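Below is one structure; the comments refer to it alone.
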Amino acid sequence: MSDTFIFGMEVFLNGLMAGVLYALVALGFVLIYKASGIFNYAQGVMALFAAMTLVGIMEGRVPFSHLINAIFGTHIHHFGWHLPAVFGILFTVAVMAGFAWCVQKFIFRHLVGQEPIILFMATIGLAYFLEGFGDLMWGSDIKKLDVGLPQGINLLIDETTFGWFGYGFFIDNLDLVATVIAALLVISLIIFAQYTKQGRAMRAVADDHQAALSVGISLNFIWVMVWTLAGFVALVAGIMWGTKSGVQFSLSLIALKALPVLMLGGFTSIPGAIVGGLIIGVGEKMFEFLVGPLVGGATENWFAYVLALLFLVFRPQGLFGEKIIERV
Amino acid sequence: MFYREAGDFKTTYKDDNQTFPIKFDRYRYYAVMFAAFAVIPFLINDYWVNAIFLPFLIYAIAAIGLNILVGYCGQVSLGTGGFMAVGAYACYKLMTGFPEINLFFHIIISGGITAFVCVLFGLPSLRIKGFYLAVATLAAQFFLVWLFNRVPWFYNYSASGQINSPERSLFDITITGPNADAWAKYLFCLVFLTVLALIARNLTRGTIGRTWMAIRDMDIAAEIIGVNPLKAKISAFAVSGFFVGVSGALFFSVYLGAVEVGEVFGINKSFLVLFMIIIGGLGSIFGSFAGAAFLVLLPVLLKNVLVGGLGWPTDLAAHLEFLIIGALIVIFLIAEPHGLAQLWRVAKEKLRLWPFPH
């Protein structure tokens, strides 16, 4: 077996792992889009904000300490405690729920019935707001996030593949854990949507707002719930990416990676988000591996978009999206 | 009291069709033009030009361009930064490749090249709509920035990967490079802005502007009444691309002088120009000016008050700026979707009746 083929296989596997993480972010988009027709650009910043809050709570940082220090001339920064990860995650989920409520109450309640593109631009505004707010609250330094996930090369895979091919594959433990957690999250979301009362209400709202309203489902409650769920998904994505490369601004850019995933898979489909994520993850890694060296590298920045763009020209609703029917 | 049509008689069709039909508006326009061309150049210094006037003039051109695409034709584009980069790099290649030709023509041709690229990326708009298209234009943004970063031909194989604007002059007055005078740079950009704004205003008032607006309001209905969507959408992309390209060329050659593409023409630039037209007013030429002025002045103001006045650290002020801009976008979309331009219209309507509102 040639070396290129074996390297290619390793790249392929790593691409699959990256794809799972893209799918995880894309899931947050699909949830909100299905239930409320809002295309939430702020999803990536939500992941950043959730991860920042988690670090802040675990390390006992004082919120807005920089602002307080600047105004009152004090020098506070830490409460002086260290919380275990479980409490930190619980608190952060509570914060994200509060955020979901605020977003619904102060922004999207007032924008009901607006055109989708106006809602989209509002979420870009929200993304800017949340970015500034998060930095003001917790500071913009690069934070280390450690919730006890395993990291480093997976020795078992390394040894097994060495035995097979004479070359050990480098697969990060964290990627494996992320894959498992993402799979669990997707399964539990599907179970939630299919078999619980709230999940059924959520699907009803996604189907038809007015019909759902007329059988007594509270749209407001469902929307807050969906934003909370999206916040939770954002937190999980934030933990994965934050553990990998530190909690910093670039984390919010994963939203930009999730957009082509959605275009490929269709905005309305959970399986679409997963398949789209895998295609993009594998596609961009393989493209970088095979074509990248010929054209100067760093093709990962745009490959996903151009793929999605070409794809859309032939199938405007994505792989699994509902057919778009327009009437005058 | 001063702002009314009474007593202003139009005797020819030409009078009736003029840009500012109300006398007060017309005089205000002449006064602004007089101040901009004959008063300000004598008063400004380097700080004012570089901090406020040049960014305002250049962003206003970009905002008008984007407003034609988003506000008039309804095709949301998030690729403005990438298209400005096309203008900048086209201008750079022309300036270094044909130094004997006038800078003025270089900038016009850069606009033309950008228009062509913009049309290429606008072609999918015939198939995809709404935010599918918005996301598709992100492809242009990322691809173009990558292209200018990675292909050495575009930056003439310079070691730093930057492009630097060589010194060029017009009528023996230096316009670009470090030795250019503040007033010369200001006037050069002002001429472009004035001419382009007049063109935009008249395009949007004419047949082509009406087809754009028909497409924006409902494309299928427009198609049924005989508007050619291919022509309307492509022409909007082309005109918008030309404006954005000119602004990118000016931004590089006159304003900054040296450009690193990822930093200057990144995705944030696209959002900044989009925010200008949301705050200023979608579908309004005046709104483009107002939005550009607002978003150029706000950071300067915040910086002067917070860092200069209260002694806060700069990073804190920068975070607060993000927060305020984000909040303003949301507030404008909720409370006044037509932006500052609508506030201005309401004010004018009030002024017409003042001081006797009944």
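Here A:G216 passes the criteria (1) surrounded by fewer than 24 Cβ atoms within 10 Å (Cβ to Cβ); (2) farther than 24 Å from B:L78 by Cβ; (3) at pLDDT below 80; (4) away from chain B (no Cβ under 12 Å) except the one numbered (3).
Okay, residues lined up against (1) surrounded by fewer than 22 Cβ atoms within 10 Å (Cβ to Cβ); (2) at pLDDT 85 or above; (3) facing chain A (nearest Cβ under 10 Å):
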{"residue": "B:I285", "(1), (2), (3)": "no, yes, no"}
{"residue": "B:G291", "(1), (2), (3)": "no, yes, no"}
{"residue": "B:L298", "(1), (2), (3)": "yes, yes, no"}
{"residue": "B:D315", "(1), (2), (3)": "yes, no, yes"}
{"residue": "B:A318", "(1), (2), (3)": "yes, no, yes"}
{"residue": "B:I324", "(1), (2), (3)": "yes, yes, yes"}
{"residue": "B:L343", "(1), (2), (3)": "yes, yes, no"}
{"residue": "B:P357", "(1), (2), (3)": "yes, no, no"}
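Would you check if A:K257 is closer than 18 Å to B:F131 by Cβ, modelled with pLDDT under 80, of a type in the set (K, R) and crowded, with 18+ Cβ neighbours inside 10 Å?
Criteria met by A:K257.
Listed by first and then second residue, the pairs with beta-carbon distance under 7 Å, at least 6 apart or on different chains, first residue in segment A:236-260 and within 11 Å of chain B (Cβ to nearest Cβ), second part of a helix (DSSP H, G or I) and surrounded by fewer than 22 Cβ atoms within 10 Å (Cβ to Cβ), are A:P260/A:L307.
For every residue, the table says whether it meets (1) part of a strand (DSSP E or B); (2) within 24 Å of the chain's Cα centre (by Cα); (3) surrounded by 14 or more Cβ atoms within 10 Å (Cβ to Cβ).
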site	(1), (2), (3)
B:P124	no, yes, yes
B:I128	no, no, yes
B:V135	no, yes, yes
B:Q141	no, yes, yes
B:F154	no, no, yes
B:S158	no, no, no
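The sole residue among B:L147, B:L133 that is under 26 Å from A:L256 (Cα atoms) and free of Cβ contacts under 8 Å to residues at least 12 places away in the same chain is B:L147. For segment B:275-316, a tally of residues being in a loop (DSSP other than H, G, I, E, B) and farther than 16 Å from B:V70 by Cβ returns 4. Applying a threshold of 9 Å to beta carbon distances and a minimum spacing of six or more residues, or different chains, the list of pairs starting in segment B:105-122 at a residue that is touching a residue at least 40 places away in the same chain (Cβ under 8 Å) and ending at one that is charged (D, E, K, R) reads B:H106/B:R168; B:S110/B:K93; B:G122/B:K233.
Of the residues making up segment B:300-313, just one is within 7 Å of chain A (Cβ to nearest Cβ) and surrounded by 15 or more Cβ atoms within 10 Å (Cβ to Cβ), namely B:W312. Just one of the listed residues (B:L94, B:L120) is within 14 Å of chain A (Cβ to nearest Cβ), part of a helix (DSSP H, G or I) and surrounded by fewer than 24 Cβ atoms within 10 Å (Cβ to Cβ), and it is B:L120. Exactly one residue among B:G257, B:G248 is out of contact with any helix residue (DSSP H, G or I) (no Cβ under 6 Å at 6 or more places or on another chain) and not polar (S, T, N, Q), and that residue is B:G257.
Annotation: A:L213 fulfils all but one of (1) more than 26 Å from A:I142 (Cα to Cα); (2) touching a residue at least 24 places away in the same chain (Cβ under 8 Å); the unmet one is (2). Look through segment B:282-335, keep the residues that are free of Cβ contacts under 8 Å to residues at least 24 places away in the same chain and aromatic (F, W, Y), and return whichever of them is farthest from A:T74 (Cα to Cα). Step by step, filter segment B:282-335, then rank; the result is B:F322. Residues in segment A:97-117 that are in a helix (DSSP H, G or I) and at pLDDT 80 or above: 12 in all.
So that you can scan it fast, the table gives a plain yes or no per residue for (1) more than 18 Å from A:L145 (Cβ to Cβ); (2) in contact with a Pro (Cβ under 8 Å, 6 or more places away or on another chain); (3) assigned to a loop (DSSP other than H, G, I, E, B):
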residue: A:F7; (1), (2), (3): yes, no, no
residue: A:A18; (1), (2), (3): yes, no, no
residue: A:A23; (1), (2), (3): yes, no, no
residue: A:F39; (1), (2), (3): yes, yes, yes
residue: A:G44; (1), (2), (3): no, no, no
residue: A:P63; (1), (2), (3): no, no, yes
residue: A:T74; (1), (2), (3): yes, no, yes
residue: A:L83; (1), (2), (3): no, no, yes
residue: A:I89; (1), (2), (3): no, no, no
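For segment B:1-24, the candidate set comprises residues that are outside any loop (DSSP other than H, G, I, E, B) and in contact (Cβ under 8 Å) with a residue 12 or more places away in the chain; within that set, the residue that is surrounded by the fewest Cβ atoms within 10 Å (Cβ to Cβ) is B:K23. Scanning segment B:326-341 for residues that are more than 11 Å from chain A (Cβ to nearest Cβ) and not in a helix (DSSP H, G or I) gives B:E336, B:H338. Count of segment B:247-263 residues, restricted to those that are under 22 Å from A:L253 (Cβ atoms) and away from chain A (no Cβ under 13 Å), is 3. Taking the criterion of being modelled with pLDDT of 90 or more and under 13 Å from B:I277 (Cα atoms), the only residue of segment B:73-93 that qualifies is B:T80. Could you say which residue among B:A222, B:A236 is assigned by TED's automatic domain parsing to the domain that holds B:S288, within 23 Å of B:G81 (Cα to Cα) and part of a helix (DSSP H, G or I)? So the residue among B:A222, B:A236 that is assigned by TED's automatic domain parsing to the domain that holds B:S288, within 23 Å of B:G81 (Cα to Cα) and part of a helix (DSSP H, G or I) is B:A236. From the list B:G280, B:G266, the lone residue that is in contact with a Gly (Cβ under 8 Å, 6 or more places away or on another chain), within 14 Å of chain A (Cβ to nearest Cβ) and within 30 Å of B:E167 (Cβ to Cβ) is B:G266.
Among the residues of this structure, B:V39 counts as one that is over 24 Å from B:K348 (Cβ atoms) and either of a type outside the set (F, W, Y) or without any contact (Cβ under 8 Å) to a residue 24 or more places away in the chain (or both).
Taken as a whole, the structure places A:I157 among residues that are assigned to a helix (DSSP H, G or I), at pLDDT below 80 and more than 14 Å from every other protein chain (Cβ to nearest Cβ).
Here's the yes/no breakdown for (1) loosely packed, with under 15 Cβ neighbours inside 10 Å; (2) at the interface with chain B (Cβ under 10 Å from one of its Cβ atoms); (3) not hydrophobic (A, V, I, L, M, F, W, C):
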site	(1), (2), (3)
A:G60	yes, no, yes
A:G73	yes, yes, yes
A:W81	yes, no, no
A:A97	no, no, no
A:I117	no, yes, no
A:L130	no, yes, no
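Of the candidates A:G163, A:G199, the single residue that is in a helix (DSSP H, G or I), more than 14 Å from every other protein chain (Cβ to nearest Cβ) and modelled with pLDDT under 75 is A:G163. For the residues A:M46, A:M52, the requirement of being surrounded by 23 or more Cβ atoms within 10 Å (Cβ to Cβ) and in contact with a strand residue (DSSP E or B) (Cβ under 7 Å, 6 or more places away or on another chain) singles out A:M52.
When A:G216 is tested against the conditions (1) within 30 Å of A:K144 (Cβ to Cβ); (2) not charged (D, E, K, R); (3) not in a helix (DSSP H, G or I), the lone failure is (1). Please verify whether B:T211 is assigned to a helix (DSSP H, G or I) and in contact (Cβ under 8 Å) with a residue 60 or more places away in the chain, treating the condition exactly as stated. So B:T211 fails the test.
A:G318 passes every criterion in (1) outside any helix (DSSP H, G or I); (2) at pLDDT 80 or above apart from (2).
The values are calculated or read from the model by the stated rules, or taken from the named source; none is laboratory data. Since we're looking at a predicted model, the values are computed, not measured. All Cβ positions, even for glycine, are placed from backbone atoms using ideal geometry, and neighbour counts span all protein chains on display.
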